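Student: Pasting a structure here, questions to come.
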Amino acid sequence: MVETKSNYTLIDGKKVSADIKAEITQRVAERKAQNKKIPHLAIILVGDDGASQTYVDNKVKSCKSVGFHYTMMRFADTISEEKLMKHIDHVNNDDDVDGFIVQLPLPPHISVEKITEKIRSDKDVDGFTNQNFGSIISKNPLLMPATPFGVMELLRRYNVQTEGKHAVVIGASRIAGAPLSMMLTEQGHATVTICHKYTKDLASYTRAADILLTAVGRPGLVTGDMVKEGAVVIDIGTTRVEGPEYPKGWAIKGDVDFDAVAPKASLITPVPGGVGPMTIASLLLNTLKATEFRYP
Ligand SMILES: Nc1nc2c(c(=O)[nH]1)N[C@@H](CN(C=O)c1ccc(C(=O)N[C@@H](CCC(=O)O)C(=O)O)cc1)CN2
Ligand SMILES: [Mg+2]
């Protein structure tokens with residue numbers, strides 16, 4: 001008889017993000033009691049993409065729940081790049097706003113790179129500007145990109161040892177894979193392999209991973225045979241898959257074939273409920289940090 005051992009630990013991002021929000025609520029209450037400025041997050045949303053709307057609604061709800069002030073700014077998807085830049089300038093110079101984000105994706109006629117670089121780095125609570133990105137490898141990290149910061153926080157809170165371990169990151173995007181690789185090296189002291197769409201024989205790398213992290217957005221990319229026994233598996237992919245078998249008509253799927261991979265893993269994140277909720281918790285933490293920088 002072949003015995004299958006499946007006593008993995010599920011990494012509960014929902015629980016950790018709730019813990020972080022409780023810590024932030026406490027710190028906001030302390031600031032209030034000391035008559036210090038209450039963090040104020042502004043959110044810019046362009047167009048009416050359904051998923052973006054949901055994420056932005058969640059961000060507003062989270063601001064309310066921790067006691068932050070917030071401003072929601074909506075623009076039609078026909079807005080010109082020039083006009084959007086002017087609005088960003090305005091928020092850059094609005095002293096009451098401590099941090100702000102431009103929800104992605106943007107319509108194709110607007111350059112994400114140009115818009116991102118227009119954001120004042122000390123208000124860039126998504127951690128997307130070149131200055132914040134570069135600060136990952138400095139002695140004095142500034143505002144860290146939210147998703148990878150959330151991953152590092154999950155690893156820390158679940159006592160995952162990264163030093164000297166082989167971490168394999170699939171995906172080299174600017175929002176997730178690239179900064180995550182740098183954080184795992186700089187802060188985690190891991191040996192990092194970055195795989196991407198040009199990588200040949202992906203499985204030969206993933207099978208060598210002590211910690212496997214995937215941020216591609218392709219459901220089912222990581223199958224059971226691609227994972228080493230005992231590996232830590234972190235799934236950053238979130239793809240909306242449609243189908244009549246789902247009660248809502250769609251479901252959120254990660255990159256990992258969870259049922260096949262979980263029995264081999266020591267720790268694993270689910271999708272939903274893993275890394276996703278950490279993105280918003282990190283955004284709130286960055287907004288608090290940006291406020292504390294400005295008004296200690
Ligand atoms: N300006 C930004 N734009 C985008 C970011 C970002 O960090 N900044 N990230 C993504 C979208 N995103 C936040 O904006 C985001 C995505 C997913 C989740 C999340 O909690 N996912 C849940 C599932 C949610 C669901 O059921 O629909 C999960 O994985 O548990 C939060 C935030 C792109 N744009
Ligand atoms: Mg800048």
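Every number in this text was worked out from the coordinates using simple rules, so none of it is lab data. Computed from a prediction, not measured in an experiment: that's the story for all the values here. Counting neighbours? That spans all protein chains shown, and the Cβs are built from the backbone with ideal geometry, glycine included.
Student: So what's the net charge close to ASP49: Lys and Arg +1, Asp and Glu -1, counting the other residues with Cβ under 13 Å from its Cβ? Provide the component values of the computation, followed by the final result.
Tutor: On the way: positive: ARG74, ARG240; negative: ASP48, ASP57, ASP77.
Overall, the nearby charge balance is -1.
Student: Out of THR238, THR287, GLY273, whose Cα points farthest toward the positive end of the dipole of the range 227-296 (charges: +1 Lys, Arg; -1 Asp, Glu; placed on Cβ)?
Tutor: THR287
Student: Let me ask you something else. What number of lysine-lysine pairs in the range 132-283 show an alpha-carbon separation below 30 angstrom, given a sequence spacing of 8 or more or placement on distinct chains?
Tutor: Count of close lysine pairs: 15.
Student: Let me ask something else. Name the most mobile residue of PHE149, PHE133, PHE75, meaning the one with the largest mean-square fluctuation, in a Gaussian network model of the chain with Cα contacts below 10 Å.
Tutor: PHE75
Student: Within the range 1-93, how many Lys pairs sit with Cα atoms under 16 Å apart, leaving out pairs fewer than 8 places apart on the same chain?
Tutor: Values: LYS14/LYS59; LYS14/LYS61; LYS21/LYS59; LYS21/LYS61; LYS21/LYS64; LYS32/LYS64; LYS37/LYS64.
Final tally of qualifying lysine pairs is 7.
Student: When the gyration tensor of the range 145-276 is built from Cα positions, what are the square roots of 5 times its three eigenvalues, in whole Å, from largest to smallest?
Tutor: Numbers: eigenvalues 103, 50, 42 Å².
For the range 145-276, the ellipsoid semi-axes come out as 23, 16, 15 Å.
Student: What is the magnitude of the charge dipole of the chain about its Cα centre, with +1 placed on the Cβ of each Lys and Arg, -1 on the Cβ of each Asp and Glu, and no other charges, expressed in debye to the nearest 20? Intermediate values should be presented prior to the final figure.
Tutor: Working: 35 positive and 35 negative charges, 109 e Å.
Charge dipole of the chain: 520 debye, to the nearest 20.
Student: While we're looking at this one, here's another question. Apply the Karplus curve 6.51 cos²θ - 1.76 cosθ + 1.60, θ = phi - 60°, to the phi angles in the range 109-114 and return the couplings in whole Hz, x for Gly and Pro.
Tutor: 7, 10, 7, 4, 5, 5
Student: Order of GLU242, GLU117 from fewest to most other C-beta atoms within 10 Å? Don't jump to the answer; show the numbers that get you there.
Tutor: Values: GLU242 9, GLU117 15.
Exposure proxy ranking, most exposed first: GLU242, GLU117.
Student: Let me ask something else. Could you tally the net charge around LYS253, taking each other residue with its Cβ under 15 Å from the Cβ of LYS253, Lys/Arg +1 and Asp/Glu -1?
Tutor: That sum, taken over residues with Cβ under 15 Å, equals -3.
Student: With θ set to phi - 60°, apply the Karplus curve 6.51 cos²θ - 1.76 cosθ + 1.60 along the range 24-29 and write out the HN-Hα couplings as whole Hz, x wherever there is a Gly or Pro.
Tutor: Rounded to whole hertz, the list is 5, 3, 4, 5, 5, 4.
Student: Another question, if that's okay. Would you list ILE119, ILE20, ILE252 from fewest to most Cβ contacts within 10 Å? Working shown, then result.
Tutor: Details: ILE119 24, ILE20 21, ILE252 17.
So the residues, fewest neighbours to most, are ILE252, ILE20, ILE119.
Student: Please state the charge dipole magnitude for the range 145-276, taken about the Cα centre, from unit charges on C-beta atoms (+1 on K and R, -1 on D and E), reported in debye and rounded to the nearest 20. Please list the in-between numbers first.
Tutor: Details: 13 positive and 13 negative charges, 47 e Å.
The dipole of the range 145-276 has a size of about 220 debye.
Student: Along the charge dipole of the chain, pointing to its positive end and built from +1/-1 on Cβ of Lys, Arg, Asp and Glu, which listed residue (VAL216, ALA18, VAL261) has its Cα farthest out?
Tutor: The listed residue farthest towards the positive side: ALA18.
Student: How big is the antiparallel share of DSSP beta bridges in the range 145-276, given as a percent to the nearest 5? Before the final figure, lay out each step's value.
Tutor: Numbers: 4 of 20 bridges.
Beta bridges within the range 145-276, antiparallel portion: roughly 20 percent.
Student: Let me ask you something else. For THR129, THR147, THR54, what ranking results if the residue with the fewest other Cβ atoms within 10 Å of its Cβ goes first?
Tutor: On the way: THR129 21, THR147 24, THR54 11.
Neighbour counts put them in this order, fewest first: THR54, THR129, THR147.
Student: So what's the back-of-envelope 222 nm ellipticity for the chain, counting only DSSP H runs of four-plus at -39500 (n - 2.57) apiece and dividing by all residues, rounded to 500?
Tutor: Details: 10 runs with 114 residues, N = 296.
After summing the helix terms and dividing by the residues of the chain, the value is -12000 deg cm²/dmol.
Student: How many percent of Cα pairs in the chain exceed 36 Å? The partial results should precede the final answer.
Tutor: Numbers: 7716 of 43660 pairs.
The answer is 18 percent, as a whole percent.
Student: In addition: If you plug each phi of the range 195-200 into the Karplus form 6.51 cos²θ - 1.76 cosθ + 1.60 with θ = phi - 60°, what whole-Hz ³J(HN,Hα) values come out, in order, with x for Gly and Pro?
Tutor: 10, 8, 5, 9, 5, 9
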